[in-house]
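The values are calculated or read from the model by the stated rules, or taken from the named source; none is laboratory data. The structure displayed is predicted, hence computed values, not measured ones. Positions of Cβ are generated from backbone atoms using ideal geometry, with glycine treated the same way; all protein chains shown enter the neighbour counts.
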Amino acid sequence: MVKDVQRMDQADLLDLQQQAARKVGGSVGFRDEARSGVPTPELQVIPAGEFEMGSDASEYGHQQHEAPRRFVVLERPFALGRYQVTREEWEAFQAATGWEPWEWLVWPSTPRMPIFNIKPDSIQQYLDWLSEETGKRYRLPTEAEWEYACRAGTRTPFAFGEVVGCRDVHFNSLFPYEERRQRRRWYIPACFPLSRPLDVGSFQPNLWGLYDMHGNVQEFTSTPWHDGHQSLPRDGVYRRDPENEWVVTKGGSWFDPAVNTRSAARRRRNIDEMDTNLGFRVLRELDD
């Protein structure tokens, strides 16, 4: 029987993660080997558990489509990318398959910057290639899996607590969280606004060792968009609807105000969309 992780303290949450790693015969942090020897994403084991998803009006920045709060049960542990997929990791796929971006696209400027300007169909090609290279199943996380991993047992707006600043999360520093919540008319941004992502891992990780779950670039999930959590299944997985051309993205980005980087925040993006503030991280299913 899975545990309500939001009733556990930090020591127990870390122990739960260790137990999950031991059950699958590995370490909490690991990386699969590719047949060709190319770099693959670093992964963190995320334990099974139950949590309350979404937000309500008591949380500053709350949007109606984040409601109602719903309990979700994730019966199986999984591994999630420690970082957003980087340009370096994407270029390994590019070299192996011949995939090429349009020449006019803005592209990440450093190897450790998260990949962006990638459409979901290209992401699926990468996941299929990675699965073939490693012999393991890679996919995008669902919205529920993503938010569960991001929260890492917390109920607060952020995995780090009630508030964050621009030295904790890469968001648009012209629109900070606490100053806006207090409705200050005047304030000086604590950081100079940057109109690009930073290299992955530039800030501290959450309790389960995941970096940049808040900010940097928005992340695609596999979940089709719904205007709220009213019909969210208990396991957090919606049936596919071929008529729905919109998906949920999570995490916010360098372009967004801090409120859009909250754990519960979500944004609707088209299945054919790409942007300089939109990337992804992988989920790797764990063997029994």
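Brief remarks on what is shown
- Taken together, Arg69, Arg31, Arg7 contain a single residue that is closer than 25 Å to Gly201 by Cα and modelled with pLDDT of 95 or more, which is Arg31.
- Of the residues making up the stretch 18-40, those that are over 23 Å from the mean Cα position of the chain (by Cα), of a type in the set (D, E, K, R) and exposed (fewer than 14 other Cβ atoms within 10 Å of the Cβ) number 2.
- Filtered residues of the stretch 87-107 (kept if surrounded by fewer than 23 Cβ atoms within 10 Å (Cβ to Cβ) and touching a Pro at 6+ places or on another chain (Cβ under 7 Å)): Arg87, Glu88, Ala92, Trp107
- Residue check for Gly61: out of contact with any strand residue (DSSP E or B) (no Cβ under 8 Å at 6 or more places or on another chain), touching a residue at least 40 places away in the same chain (Cβ under 8 Å) and more than 22 Å from Leu43 (Cβ to Cβ): yes
- Applying a threshold of 6 Å to beta carbon distances and a minimum spacing of six or more residues, or different chains, the list of pairs starting in the stretch 9-34 at a residue that is in contact (Cβ under 8 Å) with a residue 40 or more places away in the chain and ending at one that is of a type in the set (Val, Ile, Thr) and assigned to a helix (DSSP H, G or I) reads Asp32/Thr134; Ala34/Thr134.
- Residue match in the stretch 155-166 (condition: surrounded by 20 or more Cβ atoms within 10 Å (Cβ to Cβ), more than 30 Å from Val38 (Cβ to Cβ) and hydroxyl-bearing (Ser, Thr, Tyr)): no
- Among (1) part of a loop (DSSP other than H, G, I, E, B); (2) hydrophobic (A, V, I, L, M, F, W, C); (3) out of contact with any Pro (no Cβ under 9 Å at 6 or more places or on another chain), the one test that Val164 misses: (3)
- Contacts under 8 angstrom Cβ, first residue in the stretch 227-247 being part of a loop (DSSP other than H, G, I, E, B), partner among the acidic types (Asp, Glu), 6 or more apart: Gly228/Glu66; His229/Glu66; Asp235/Glu75; Gly236/Glu143; Gly236/Glu145; Glu245/Asp272
- Thr221 vs. criteria closer than 18 Å to Glu66 by Cβ, hydroxyl-bearing (Ser, Thr, Tyr) and modelled with pLDDT of 90 or more: yes
- Hey, Ala92 in contact (Cβ under 8 Å) with a residue 24 or more places away in the chain, among the small types (Gly, Ala, Ser) and farther than 27 Å from Glu147 by Cβ or not: yes
- Sole residue being closer than 28 Å to Asp121 by Cα and either surrounded by 20 or more Cβ atoms within 10 Å (Cβ to Cβ) or not small (Gly, Ala, Ser) (or both), chosen from Ala258, Ala265: Ala265
- Here Asp121 fits the description: farther than 23 Å from Ala258 by Cβ, of a type in the set (Asp, Glu) and either surrounded by fewer than 22 Cβ atoms within 10 Å (Cβ to Cβ) or touching a strand residue (DSSP E or B) at 6+ places or on another chain (Cβ under 6 Å) (or both).
- Checked against the criterion of being out of contact with any Asp or Glu (no Cβ under 8 Å at 6 or more places or on another chain), not hydroxyl-bearing (Ser, Thr, Tyr) and not in a helix (DSSP H, G or I), the candidates Leu130, Leu210 yield just one match: Leu210.
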